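Structure first, commentary second.
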Amino acid sequence: MAFFLARRLVQAVLILLGVAAITFLLLYFLPADPAVLIAGRSATPQMVAAIRHELGLDQPLVMQFLHYVGNLLHGDLGRSYTQKTEVLPLILARLPATLILMAAGIVLEVALGLTFGIIAAVRRGGFVDRSVMMLSFVGVSSPQFVVALLLLYVFAATLGWFPMSGFGTARHVVLPALTLGVLGAGWYARMVRSAMIEVLRQDYVRTAHAKGLSGRRVVLGHALPNALLPIIAMVGIDIGQFMSGVVVVEAVYGWPGIGQLAWQAIQQVDVPIIMGVTLVSALAIVLGNLLADFVAPFVDPRIRSQ
Amino acid sequence: MNKFVKQIGLAALLATSALMPARLAFADTPTNGGDIIVTYKDDIATLDPAIGYDWQNWSMINALFSRLVDYKPGTTELGPSLADSYDVSDDGKVYTFKLHPGVKFTNGRAVTAADVKWSIERAVNPKTQGPGAGFFHSIVGADKMTAGTADTMEGITAIDDHTVKFTLSQPDATFLNVLALNFASVVPKEAVEAAGGDFGKHPVGSGAFTLKEWTIGQRLVFQKNPDYFIKDRPHVDSFTIEIGQEPLVALLRLQKGEVDIAGDGIPPAKYLEMKKSPEFEGMIVDRQQLETSYVTLNTQVKPFDNAKVRQAVNMAINKDRIVRIINGRATPASQVLPPLMPGYDQNYKGYAYDPEKAKALLAEAGLKDGFSTQIYTSNTDPQPRITQAIQQDLAAIGVKAEIKAVANPNVIAAGGTQGQAPMVWSGGLGWIADFPDPSDFYGPILGCGSAVAGGWNWSWYCNKDIDARGQAADAMPVPAKAEERNKVWAQIFTDIQTNDAPWIPVFNERRVVAKAKRMGGPDEIYIDPTRVINYEAIYVNK
């Protein structure tokens, strides 16, 4: 067990190093010269050369990479070309907004997915089941920007229930979190349904019914815990999914998180910010998966005993 | 009328009388007080005056800092600011400034001549990595500073606390304009050092406003500087910049009265609808700026090395149609200089749209069957659509142009690489003048010195004779011979276009800002020719 977790930790560090190397090489395959971008249009070739020297871009590639990794270990992600400031504080200042959005998205998708999945499993084959499965199919297949614009149009622009954009109150978070969560909710509903159907067929469930327990207690108290395990693994993976989702969702809803930052940086080819957000996202994905690995034994005694 | 109103009234008329009907709207007296909200979609970049160089932060930096000289609001007319007076030597090489007494930074310390020297040296020092270093090239010692071999510039001397002297290596008619740029803002050394490389987030100056709050990705709050040395300014108590607002959402909030200025203006697709809507009457500011959008024709790449070919493609472009594509937010251009620029030649008509004559010229150049080439463009709307229109116009005279739509920095890289981009559409990256002087449209984009790797002369145009004429013009003393100098520059630009045609000047784009009805003052201070929104001059109607 301890060995298993240690191995996962080492893997995590290796993955992060790999991501660092790839994002670093990104800089070199781009035709844009950062020194020219910084120097501006009134610069002479000498000035560009002086800035290239300041940035260390006149050193060999290997030295630059070592320098970059060394800086990373000190928490230094470099300076943005367009915002002309340290990248790390930019990301840290925006990270809470993204985390709030992701947490709200996960809560929504799990709540929706569990509710509809259980209902569908209990009413298997009926009208409710078929409607839920149909809806979940739509949820899983819809591109996020379409969902975002649709929700924005219906609930903000037309009905006026929620603000159109911005950050600050609980009402601001509903539509972006829903946009993020719809896709996951669809998956969860399908997964919970099939897991529940499997579990509901088991002998111990029949025993519970035979004991005279109410239907609700059988489903929620006996069947559900056994259907939960795959969900926990999924939530870990979802953190990674959401990291890509927030780019679109934050851009549409004007949400001041790292996704919006990445979106701006991509349009401006601001490589240090793109690299920084990529690294932080990679870190979040790795941590999410690690978390799922660590939590699973607590939920499932069978893993604990391995 | 108070003095302020007279100044802007008169000067604005002088600057724009050729284009705009006289307005009476700004005869109102500005009222003081009020807190206003301004929105933008993108983050605000650094507020460090030695580094900030985009159309969003330019006006905010301008409001935070002061400079020796400055423009009167809404005009291109220079006047004293931090310096009360100045004196130019007869040979045009020595400028001596007397500082206004009693000016303090917002940290409480008095502004001295030594601060002026240190601030400009900081802007030139390659360690600062500022984009404005090149503007100060004419000061003695600037070359050593940019090469990294000197830490100070001998051409700047603080004679006493209130007197600073600049010595130039050659007369430079644009020098006062350079000192009015944000890059020449005076900053307190101790605050720059205390900020440890992040002065751009913790700016301290002696300007009309101070930065009170900056919540990254959300808002910046600027508060009136009560000790500002220019009396009766600024008028508003504070302005708050809200970030991350989609332009359409910002306009809805503007209608509801939640927002005072929508900084991103109106999305092109909505422009005509809103311009015609009575609801937005008096809320749309739509003005010329010192901008020309153009196609560069690479004079080092075949077949554009032949002037006849460059003239032919100049005649092939239907500029009126392109202006319609962007809903009329521009005026077709006949020449390099924009109409608001001194030296613009109203009588010069350039190359009229004439595909038949273009084909004849191509045939003369031995290209009866046309040729294949490439045109680079920024990949953000509406630039690719404009490039498609250019592509169609070129196809009509037998020129097949392949469109290369890439991100802005990659367009800049392609244009600045020798022999790479035959044509570049400048839209989205176009040349907006740094200061209202025609030489700014020559040296950095058409002069021999900028036809280098990483330069912005994407035509790779170098005409030694024209270069010499430009240098002679810039050595003419200003203001004594300003009119004569403008005429010389006008001739230079029309000669370039008539004989060599290194560009297709396509249009002069207007800037659009949407403002609430309660915001007072003339349009000129909302799209100020030298700083976009002039936060110091705008006010709230009572």
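Just the number, please: Stokes-Einstein D of chain B in µm²/s, Kirkwood Rh from C-alpha pairs, 20 °C, 1.002 mPa s.
Value of D from the Cα-based Kirkwood radius: 88 µm²/s.
When averaged across all projection directions, what area in nm² does the alpha-carbon convex hull of segment B:297-410 cover?
Projected area, direction-averaged: 7.9 nm².
If we count other beta carbons within 10 Å of each Cβ, what is the order of B:ARG310, A:ARG217, A:ARG41, fewest first?
In increasing order of surrounding Cβ atoms, one gets A:ARG217, A:ARG41, B:ARG310.
Would you mind checking the pairs B:LYS276/B:LYS404; B:LYS302/B:LYS464; B:LYS275/B:LYS357; B:LYS201/B:LYS256; B:LYS41/B:LYS231 and listing those with alpha carbons more than 30 angstrom apart?
Numbers: B:LYS276/B:LYS404 35 Å; B:LYS302/B:LYS464 21 Å; B:LYS275/B:LYS357 38 Å; B:LYS201/B:LYS256 32 Å; B:LYS41/B:LYS231 33 Å.
Going by Cα-Cα distance, B:LYS276/B:LYS404; B:LYS275/B:LYS357; B:LYS201/B:LYS256; B:LYS41/B:LYS231 fall outside the 30 Å limit.
Just to confirm the number: angle between the C-alpha axis of helix B:113-124 and the first principal axis of chain B, 0 to 90 degrees, nearest 10?
Long axis of B:113-124 versus the principal axis of chain B: about 30 degrees.
Ratio of alpha-carbon Rg to the 2.2 N^0.38 Å globular estimate for segment B:149-302, to two decimals, please.
Its radius of gyration relative to the 2.2 N^0.38 Å reference: 1.47.
At what distance in nm do the modelled label points of A:PHE29 and A:VAL62 sit from each other, each positioned 7 Å from its Cα along Cα→Cβ?
2.2 nm
Per residue, what volume in Å³ does the convex hull of the Cα atoms of segment A:49-171 enclose? Before the final figure, lay out the partial values.
Numbers: hull volume 25.3 nm³, N = 123.
Looking at segment A:49-171, the number lands at 205 Å³ per residue.
Looking only at other chains, what is the average number of their beta-carbon atoms within 10 angstrom of each beta-carbon in B:407-415?
That works out to 5 on average.
With r defined as the distance between the Cβ atoms of B:THR215 and B:SER89 and R0 fixed at 51 Å, what FRET efficiency is calculated, to the nearest 0.05? Could the numbers behind the result be given before it?
Values: r = 49 Å, r/R0 = 0.96.
With a Förster radius of 51 Å, E is 0.55.
Counting other beta carbons within 10 Å of each residue's own, what order do B:GLU536, A:GLU198, B:GLU246, B:GLU356 fall into, fewest first?
Taking fewest neighbouring Cβ atoms as first place, the list is B:GLU356, A:GLU198, B:GLU246, B:GLU536.
Given the peptides A:255-262, B:338-345, B:326-333, A:179-186, arrange them by the average over their residues of other C-beta atoms within 10 Å, most packed first.
A:255-262, A:179-186, B:338-345, B:326-333
What base-10 log of the normalised intensity I(q)/I(0) is obtained for the protein assembly as shown from the Debye formula, alpha carbons as equal point scatterers, at q = 0.05, 0.08, 0.10 Å⁻¹?
Results for the protein assembly as shown at q = 0.05, 0.08, 0.10 Å⁻¹ read -0.33, -0.79, -1.16.
What nm distance separates the two modelled labels at A:THR115 and B:ASP381, each placed 7 Å from Cα along Cα→Cβ?
My value for the distance between the label points is 3.6 nm.
Just to confirm a number: summing +1 for Lys and Arg and -1 for Asp and Glu over residues other than B:ALA501 whose beta-carbon lies under 10 angstrom from that of B:ALA501, what do you get?
Counting the neighbours of B:ALA501, the net charge comes to +1.
First measure r as the distance between the Cβ atoms of B:SER169 and B:GLU483, then evaluate 1/(1 + (r/R0)^6) with R0 = 22 Å and state the FRET efficiency to the nearest 0.05.
0.30
Tell me the angle of helix B:383-395 to the major Cα principal axis of chain B, expressed in degrees between 0 and 90 and rounded to the nearest ten.
20 degrees
Just to confirm the filter: which chymotrypsin sites (Phe, Trp or Tyr not before Pro) across segment A:150-198 are DSSP coil and have at most 14 other Cβ within 10 angstrom of their Cβ?
Loop-located and lightly packed - A:TRP161.
Let me check the size of segment B:99-176 from its C-alpha atoms; what are the radius of gyration and Dmax in Å?
So, for segment B:99-176, Rg and Dmax equal 13.1, 37 Å respectively.
Would you kindly state how much longer the chain becomes between B:LYS144 and B:LYS302 on full extension, computed as 0.36 nm times their sequence separation minus their alpha carbon distance, in nm to one decimal? Walk me through the numbers on the way to the answer.
Values: separation 158, 0.36 × 158 = 56.88 nm, distance 3.84 nm.
The span from B:LYS144 to B:LYS302 would gain 53.0 nm if fully extended.
Evaluated at 10 °C with a viscosity of 1.306 mPa s, what Stokes-Einstein diffusion coefficient in µm²/s does segment B:376-476 have when Rh comes from the Kirkwood expression over alpha-carbon pairs? Before the final figure, lay out each step's value.
On the way: Rh = 14.8 Å.
Reported coefficient: 107 µm²/s.
Roughly how compact is segment B:124-236, stated as its Cα Rg over 2.2 N^0.38 Å to two decimals?
Computed over Cα atoms of segment B:124-236, the ratio equals 1.25.
Just counting partner chain Cβ atoms within 10 Å, what average do the residues of peptide B:452-465 show around their Cβ?
Average neighbour count from other chains, rounded to a whole number: 2.
From the Cα gyration tensor of segment B:38-125, with a ≥ b ≥ c the square roots of its eigenvalues, which class applies: rounded if a/c is under 1.5, or else prolate if a/b is larger than b/c, or else oblate?
prolate
As an exercise, use a Förster radius of 22 Å and the Cβ-Cβ distance of B:GLN471 and B:GLN418 to find the FRET efficiency, rounded to the nearest 0.05.
After rounding, the FRET efficiency stands at 0.40.
Rg to Rh for segment B:195-255: what is it, with Cα atoms only and Rh by Kirkwood?
My calculation of the ratio gives 1.06.
What is the ratio of the Cα radius of gyration of segment B:402-459 to 2.2 N^0.38 Å, with N the residue count, to two decimals?
Segment B:402-459 yields a ratio of 1.13.
Between 0 and 90 degrees, rounded to the nearest ten: what's the tilt of helix B:482-495 against the longest Cα principal axis of chain B?
The helix B:482-495 is inclined about 30 degrees to chain B.
Within 10 Å of each Cβ in B:210-219, how many Cβ atoms from other chains are there, averaged over the peptide?
4
Over segment B:433-514, what relative contact order in percent results from Cα pairs under 8 Å that are six or more residues apart?
This gives 20 percent for segment B:433-514.
Just from the alpha-carbon atoms, what are the Rg and Dmax of segment A:1-74 in angstroms?
17.5, 62
How big is the charge dipole of chain B about its Cα centre, in debye rounded to the nearest 20, if each Lys and Arg gets +1 on its Cβ and each Asp and Glu gets -1 on its Cβ? Let's see the in-between values first.
Numbers: 54 positive and 62 negative charges, 208 e Å.
Using Cβ point charges on Lys, Arg, Asp and Glu, chain B gives about 1000 debye.
Which percent of Cα-Cα pairs in chain A sits in each 20 Å bin, short to long?
Each 20 Å bin holds this share of Cα pairs: 27, 48, 21, 4, 0.
According to a simple spin-label model (label point 7 Å from Cα along Cα-to-Cβ), what is the distance in nm between B:ASP320 and B:ALA110?
In this crude spin-label approximation the distance works out to 6.5 nm.
For B:ILE36, enumerate residues with amide H under 5 Å from its amide H, sequence gap 5+ or separate chain, H modeled in the peptide plane.
Counting only residues 5 or more places away or on other chains, the set is B:SER238, B:PHE239, B:THR240.
Mean Kyte-Doolittle hydropathy of 1.6 or higher plus an axial Cα length of 30 Å or more: which whole DSSP H helices in chain A meet both? Walk me through the numbers before you get to the answer.
Working: long enough: A:2-29 (41 Å, 2.05); A:87-122 (50 Å, 2.14); A:170-200 (39 Å, 0.99); A:229-253 (34 Å, 1.67); A:271-299 (41 Å, 2.07).
TM-like helix candidates: A:2-29, A:87-122, A:229-253, A:271-299.
Please report the Cα spread of segment A:68-120 along all three principal axes, rounded to whole Å, starting with the longest.
Taking the Cα atoms of segment A:68-120, the three principal extents are 52, 22, 14 Å.
With 5 Å bins from zero, work out the P(r) of segment B:439-542 over every alpha carbon pair and list the percent per bin.
The calculated distribution, bin by bin, is 2, 10, 16, 15, 12, 13, 12, 9, 7, 3, 1, 0.
Enumerate the whole-percent occupancy of each 10 Å bin, from 0 to the last occupied one, for all C-alpha pair distances of segment B:434-498.
21, 54, 23, 2
Just the Cα atoms of segment B:229-297: what Rg and Dmax do they give in Å?
Final numbers for Rg and Dmax: 15.9, 50 Å.
Given 4 °C and 1.567 mPa s, compute D for segment A:147-245 with the Stokes-Einstein relation, Rh being the Kirkwood radius over Cα pairs; round to the nearest whole µm²/s. Write down the numbers at each step before the final one.
On the way: Rh = 16.2 Å.
Roughly 80 µm²/s, to the nearest whole number.
Tell me, A:VAL295, A:VAL205, A:VAL138 in order of fewest to most beta-carbon neighbours within 10 Å?
A:VAL138, A:VAL295, A:VAL205
Read the figures in this text as sums done on the coordinates, not as results from a lab. In this text the structure is predicted, and so the values were computed from the model without any measurement. Using ideal geometry, Cβ is built from the backbone for each residue, glycine included, and neighbour counts are taken over all protein chains shown.
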